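Colleague: Take a look at this one; I'll ask things after.
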Amino acid sequence: MCYSIPGKVLEVNDTLVTLDYFGEKRKARNELFQISCGEYAYAQGGFIIQKIPGVQAEAILDSWQELFFKLKEIDKRLARDSGTRYQKANQIRQRYHGNSCCVHGIIEFSNYCRNDCLYCGIQHKNLSLKRYRMEAAEIIDAAVYAVKKLGFKALVLQSGEDEYYDEDTLIAVVEGVMRQSPCLLTLSIGERSPDTFEALYRKGLRGVLLRFETSNPQIYATMKPGHSLNQRLELLVTLRKMGYLIMTGFLIGLPGWRKEDIIKDISLTAELGAEMFSFGPFIPCPDTPLAKEVQASLETALEVIAEARIRNPEAKILVTTALETLDKKNALQLGLMAGANSIMLNVTPSRYRQLYSIYPFRAGTDTAIESRIEFVVNLLQSLGRAPTDLGVS
């Protein structure tokens with residue numbers, strides 16, 4: 001399955017490229033390739049991430065054309081507002097994004113972490129956790145497999161805050177992935193120096209997933225001992241100025257969090273210029289100080305998705321794995337129908353997948369990735385969603 005539709009280049013204006021998809025015109029930034037009118041390319045997150053030969057592109061477009069318009073009609077029918085807040089949010093999503101749904105793969109390459117965040121199962125003090133690290137070549141191989149064999153065009157490489165991976169190692173990983181399997185590549189490794197992120201941008205990294213967790217400085221200081229909310233926010237602002245796509249958000253239902261905080265958390269996500277809103281429910285993890293706290297409810301998490309969509313029509317909103325974990329059978333569909341339009345699928349090698357235990361019983365960790373992909377693609381098509389990110393309008 002392909003998670004992007006190639007577009008035909010209609011116009012090149014310096015680094016801004018206009019692409020055509022079945023008569024729809026979208027713009028994307030090109031910073032990595034020599035490209036000319038009449039050629040074909042993939043775009044993700046508003047960036048050109050791969051060129052594709054014309055014969056291959058036309059074959060993909062031929063296979064997609066009939067299904068593409070059929071899915072659009074299904075989505076329009078299902079997005080009619082019948083009065084509930086979820087339906088209103090879904091209608092707004094359809095109006096601003098059509099039926100496109102971003103599908104990212106995520107590779108969790110280390111569960112070592114220097115921090116002791118109270119809510120997190122891979123915190124440094126958790127001595128019961130079996131730790132693992134993937135070496136640079138192994139990370140690259142996993143990414144190449146996800147792109148070339150599984151069809152992903154957007155990948156997130158995630159770890160705890162593990163200083164084993166110094167700047168040179170991270171550069172080697174980014175260079176290796178982008179050389180062998182160009183994609184929209186995002187890192188989620190916590191806080192590093194702006195100089196490191198600047199060096200990685202030069203090598204082709206284009207996204208950073210870094211959640212601020214809560215807009216409340218007191219809760220932040222309690223949940224993340226020794227860390228400052230302002231410091232994290234300053235880094236996010238700096239990264240956006242560098243040109244990065246920012247994926248950020250918060251935890252729903254942390255101890256001390258109130259429903260009144262929903263608006264503050266959503267507003268801060270928007271103020272940071274997030275390309276993707278990422279927020280999931282708090283799920284207590286054994287062997288952490290918050291093990292006996294009450295987890296956030298599925299209803300509250302869906303309310304947050306709907307509220308975020310209504311307040312931010314143009315945002316990309318992720319159905320997080322944590323949300324899916326609350327109801328493995330239905331939560332993905334419920335999230336998509338409440339206004340979300342992005343998904344992440346876990347493509348971590350199977351021998352490591354269950355060890356990245358930030359909370360227990362995570363959705364998707366006990367299923368073969370091929371089966372998981374089949375399930376998600378079938379669900380998306382039943383909802384009229386095309387698993388693709390066409391760039392920026």
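Colleague: Taking just the alpha-carbon atoms of the stretch 78-219, what radius of gyration and Dmax come out, in angstrom?
Modeller: 18.3, 54
Colleague: Something else about it: Where Rh denotes the Kirkwood radius from the mean inverse Cα pair distance, what is Rg over Rh for the stretch 312-352?
Modeller: For the stretch 312-352, the value is 1.05.
Colleague: Let me ask something else. Over the stretch 112-156, what lengths in whole Å, largest first, do the semi-axes of the equivalent ellipsoid take, defined as the square roots of 5 times the eigenvalues of the alpha-carbon gyration tensor?
Modeller: Working from the Cα gyration tensor, I get semi-axes of 29, 12, 8 Å.
Colleague: Another question, then. What does the helix-only formula give at 222 nm for the chain: each DSSP H stretch with n ≥ 4 adding -39500 (n - 2.57), the total divided by the residues, and the result rounded to the nearest 500 deg cm²/dmol?
Modeller: -12000 deg cm²/dmol
Colleague: Mind giving me the FRET efficiency for D141 and R80? R0 is 51 Å, r the Cβ-Cβ distance, nearest 0.05 is fine.
Modeller: Plugging the Cβ-Cβ distance into 1/(1 + (r/R0)^6) gives 0.65.
Colleague: Among L210, V174, I140, whose Cα sits farthest toward the positive end of the charge dipole of the chain (+1 at Cβ of Lys/Arg, -1 at Cβ of Asp/Glu, about the Cα centre)?
Modeller: The Cα lying farthest towards the positive end belongs to L210.
Colleague: Please give me, ordered by residue number, the GluC sites (Glu not before Pro) of the stretch 232-333 that lie in loop per DSSP and have at most 14 other Cβ atoms within 10 Å.
Modeller: Qualifying residues, ordered by number: E260, E314.
Colleague: What is the magnitude of the charge dipole of the chain about its Cα centre, with +1 placed on the Cβ of each Lys and Arg, -1 on the Cβ of each Asp and Glu, and no other charges, expressed in debye to the nearest 20?
Modeller: 780 debye
Colleague: Calculate the spin-label point distance for K27 paired with D327, positioning each point 7 Å from the Cα along the beta-carbon direction, and give it in nanometres.
Modeller: Label at D327, label at K27, 4.0 nm between them.
Colleague: Rg/Rh for the stretch 1-44 to two decimals, with Rh computed the Kirkwood way over all alpha-carbon pairs.
Modeller: Ratio of gyration radius to Kirkwood radius: 0.94.
Colleague: Let me ask something else. List the relative contact order of the chain as a percent without decimals, with contacts defined as Cα pairs under 8 Å and 6+ residues apart.
Modeller: Relative contact order, the chain: 23 percent.
Colleague: Using modelled amide H (1.01 Å from N, peptide plane; none on Pro or chain starts), what sits under 5 Å from the amide H of L245, excluding residues fewer than 5 places away?
Modeller: Amide H to amide H, under 5 Å and 5 or more residues apart or across chains, L245 pairs with G207, V208.
Colleague: If the convex hull of the alpha-carbon atoms of the stretch 163-209 is projected onto planes in all directions, what is the mean projected area in square nanometres?
Modeller: Seen from a random direction, the Cα hull of the stretch 163-209 projects 3.0 nm² on average.
Colleague: From the backbone phi of the stretch 101-109, what are the Karplus-calculated ³J(HN,Hα) couplings (6.51 cos²θ - 1.76 cosθ + 1.60, θ = phi - 60°) in whole Hz, Gly and Pro given as x?
Modeller: 9, 5, 10, 9, x, 10, 10, 9, 9
Colleague: What FRET efficiency, computed as 1/(1 + (r/R0)^6) with R0 = 30 Å and r the Cβ-Cβ distance, is obtained for E198 and Q354, rounded to the nearest 0.05?
Modeller: Efficiency computed from Cβ-Cβ geometry: 0.30.
Colleague: If you don't mind, there's one more thing I want to ask. What is the ratio of the Cα radius of gyration of the stretch 7-73 to 2.2 N^0.38 Å, with N the residue count, to two decimals?
Modeller: It is 1.10.
Colleague: Let me ask another. Once fully extended, how much extra length lies between S128 and Q180, figured as 0.36 nm per residue of separation less the alpha-carbon to alpha-carbon distance?
Modeller: 15.0 nm
Colleague: Averaged over every viewing direction, what's the projected area of the C-alpha convex hull for the stretch 43-103? Give it in nm², one decimal, please.
Modeller: Over every viewing direction, the Cα hull of the stretch 43-103 projects on average to 5.2 nm².
Colleague: Report the Stokes-Einstein translational diffusion coefficient (µm² s⁻¹, integer) for the chain, Rh taken as the Kirkwood radius over Cα pairs, at 37 °C with viscosity 0.692 mPa s.
Modeller: 155 µm²/s
Colleague: Counting DSSP beta bridges with both partners in the chain, what percentage is antiparallel, nearest 5?
Modeller: If I count the DSSP bridges inside the chain, around 40 percent turn out antiparallel.
Colleague: Per-residue HN-Hα couplings for the stretch 58-70, Karplus 6.51 cos²θ - 1.76 cosθ + 1.60 at θ = phi - 60°, whole Hz, x for Gly and Pro?
Modeller: With coefficients 6.51, -1.76 and 1.60, one gets 5, 5, 5, 5, 4, 6, 8, 4, 5, 5, 4, 6, 5 Hz.
Colleague: Farthest toward the dipole's positive end in the stretch 308-393, which of L345, T321, Q381, given Cβ charges of +1 (Lys, Arg) and -1 (Asp, Glu) about the Cα centre?
Modeller: T321
Colleague: Summing Lys, Arg as +1 and Asp, Glu as -1, what charge do residues with Cβ under 11 Å from the Cβ of A368 carry, A368 excluded?
Modeller: -1
Colleague: In Å, the Kirkwood hydrodynamic radius of the stretch 330-393 over pairs of distinct alpha carbons?
Modeller: Computed over the stretch 330-393, the radius equals 13.3 Å.
Colleague: Related question: Convex hull over the Cα atoms of the stretch 241-393, averaged projected area in nm²?
Modeller: That works out to 10.3 nm².
Colleague: Further question on the same structure: Take D20 and E167, extend 7 Å from each Cα along the Cα→Cβ direction, and tell me the distance between the two endpoints in nm.
Modeller: 4.6 nm
Colleague: Separate question: With θ taken as phi - 60° and the coefficients 6.51, -1.76 and 1.60, list the Karplus ³J(HN,Hα) couplings across the stretch 254-262 in order, rounded to whole Hz; mark glycine and proline as x.
Modeller: 3J(HN,Hα) across the stretch 254-262, in whole Hz: 4, x, x, 6, 10, 4, 5, 6, 3.
Coordinate-derived values only; no laboratory data. Please read all numbers here as calculations on a predicted model, not as lab measurements. Glycine gets a Cβ as well: all are built from the backbone with ideal geometry, and neighbour counts include every protein chain shown.
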